[in-house]
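J.: After the structure tokens below, expect a handful of questions from me.
Derivation of every value follows stated rules applied to the coordinates shown; laboratory data play no part. Bear in mind that the values here come from a model prediction, so they are computed numbers and not experimental data. Neighbour counts are summed over all protein chains in view; Cβ atoms, including those assigned to glycine, are modelled from backbone coordinates with ideal geometry.
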Ligand SMILES: Nc1ncnc2c1ncn2[C@@H]1O[C@H](COP(=O)(O)OP(=O)(O)OP(=O)(O)O)[C@@H](O)[C@H]1O
Ligand SMILES: [Mg+2]
């Protein structure tokens, strides 16, 4: 099986509002898929349809190779679900809830008990196994929910914002668990607003906006596309202005021509291919700065409040080496250095903003 989930024009309407609109998406089997989108974009609605908790208005999907409309019971046997809102029984203990889930899926009692113990140890909730769920903290409830969803060893695990509100240590326990489950060959579908989490874990990412799939790629692929788009935008901005100025210049006097050349220069400079390098030098002085400014590859250097400098410079393979060499030659002591590539958050903002503009029309 190549895809663990494949949707075919999957649609969910609430009255005349389309929460999920003709969604066509293929999620690789045995991977970790990040499902992103702004609040209200349609993530939970999609997950609810894929886990057979709600029926689509039209279209369908296959999950683990089974059609959600024709074979919902087969789908349910193959999947686990960690919902956005924990849905355990408050008047039962952690252990009772987990056992109930195991029984629901027909897991034999001895296997159920040993798995429950192992999983509770793994996510560090065993100490609270006899507490009533209504008396647990939010993070403890989430851990209990994770164990309950895994008791029948599902092939595909849907996680709807599983780490929201968790402390950093508990988050890491969950991330490790996701990686471990995936290394056992299980597919994970993870809804999240945490870009760090998504970059850390996910092989592929889909961004949904207003019920429509707005982008789908690997995290690096999405960033590379954005870098290319930015470059293209700059080039076309620059050439458009140059064309207009050239036209006007035809009619201009020699003195006016000089001013127009200045405009063209300015536009070209503003839109040239450049990259940004952020450098922390713990003994930064005028000597280091002026040598950097005099390098032909540097365009602009800004000193930040923190003492860090941001260098706008030529985008070429050798540029970074030349900057480092110049700083070292002038006895500058570099303590940290990074390029400022677009982040997944930048991609998210761009993709979701772009679609909003289209929707607004
Ligand atoms: N039962 C319902 N009745 C009417 N509208 C609904 C219902 N459930 C969801 N919606 C609407 O469908 C849209 C998508 O909601 P959904 O919960 O799928 O968003 P989401 O992407 O999961 O958002 P979040 O990041 O906030 O969890 C929202 O506009 C929501 O108000
Ligand atoms: Mg949601």
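J.: Would you mind calculating the gained length between residue 239 and residue 26 on full extension (0.36 nm times residue separation, minus the Cα-Cα distance), in nm to one decimal?
T.: Taking residue 239 through residue 26 to full extension adds about 72.8 nm, to one decimal.
J.: Rounded to whole Å, give me the distance from the Cα center of the stretch 52-68 to that of the stretch 328-352.
T.: 42
J.: Provide the descending list of Cα extents for the chain along its principal axes, expressed in whole angstroms.
T.: Principal extents (largest minus smallest coordinate, Cα): 90, 52, 36 Å.
J.: Another question, then. Would you please classify the overall shape of the stretch 193-293 from the alpha carbon gyration tensor, given that a ≥ b ≥ c denote the square roots of the eigenvalues, rounded means a/c under 1.5, and beyond that prolate means a/b larger than b/c while oblate covers the rest?
T.: Here the stretch 193-293 falls in the oblate category.
J.: To continue, here is another question. State the Cα centre-to-centre distance between the stretch 268-282 and the stretch 220-250 in whole Å.
T.: Result: 18 Å between the Cα centres.
J.: Counting alpha carbon pairs within less than 8 Å and at least 6 residues apart, what relative contact order, in whole percent, applies to the chain?
T.: In percent, rounded to a whole number, it is 17.
J.: Let me check against my output: what whole-number percent is the relative contact order of the stretch 3-217, with C-alpha pairs under 8 Å and at least 6 apart?
T.: After rounding, I find 30 percent.
J.: How much length would be gained if the chain were fully extended between residue 312 and residue 260, taking 0.36 nm per residue of separation minus their Cα-Cα distance, in nm to one decimal?
T.: Full-extension gain reported as 16.2 nm.
J.: If you fit an axis through the alpha-carbon atoms of helix 94-104 and take the longest principal axis of the Cα set of the chain, what angle between them do you get, 0 to 90°, nearest 10?
T.: Relative to the chain, helix 94-104 is tipped by roughly 80 degrees.
J.: What angle, in degrees between 0 and 90 and rounded to the nearest 10, separates the Cα long axis of helix 219-249 from the longest principal axis of the Cα atoms of the chain?
T.: Approximately 30 degrees, to the nearest ten.
J.: Right, next: Given axes a ≥ b ≥ c from the Cα gyration tensor, I'd like to know whether the stretch 1-140 is rounded (a/c under 1.5), prolate (a/b larger than b/c) or oblate.
T.: Prolate, since a/c reaches 1.5 and a/b exceeds b/c.
J.: Still on this model: Which of the three applies to the stretch 123-180, rounded, prolate or oblate, going by the alpha-carbon gyration tensor with a ≥ b ≥ c and a/c under 1.5 meaning rounded?
T.: Because a/c hits 1.5 or more and a/b fails to exceed b/c, the stretch 123-180 counts as oblate.
J.: In addition: For a footprinting-style exposure proxy, rank 17, 33 by other Cβ within 10 Å, fewest first.
T.: Fewest-to-most ranking of 17, 33: 17, 33.
J.: Take 272, 15, 210 and order them by how many other Cβ atoms sit within 10 Å, fewest up front.
T.: In increasing order of surrounding Cβ atoms, one gets 15, 272, 210.
J.: Can I ask one more? Cut-off 16 Å, label point 7 angstrom out along Cα-to-Cβ of residue 346: give me the residues of the stretch 206-227 whose amide nitrogen falls inside.
T.: Answer for this model: 219-227.
J.: Relative to the longest principal axis of the chain, what angle (0 to 90°, nearest 10) does the C-alpha long axis of helix 109-122 take?
T.: So the helix axis and the longest Cα principal axis differ by about 30 degrees.
J.: Using the alpha-carbon centroid of each, what span in Å lies between the stretch 151-168 and the stretch 173-202?
T.: The stretch 151-168 and the stretch 173-202 have Cα centres separated by 8 Å.
J.: On to the next question. Assuming 0.36 nm per residue, please report the length gained on full extension of the stretch residue 280 to residue 14 beyond their Cα-Cα distance.
T.: Extra length available between residue 280 and residue 14 comes to 90.5 nm.
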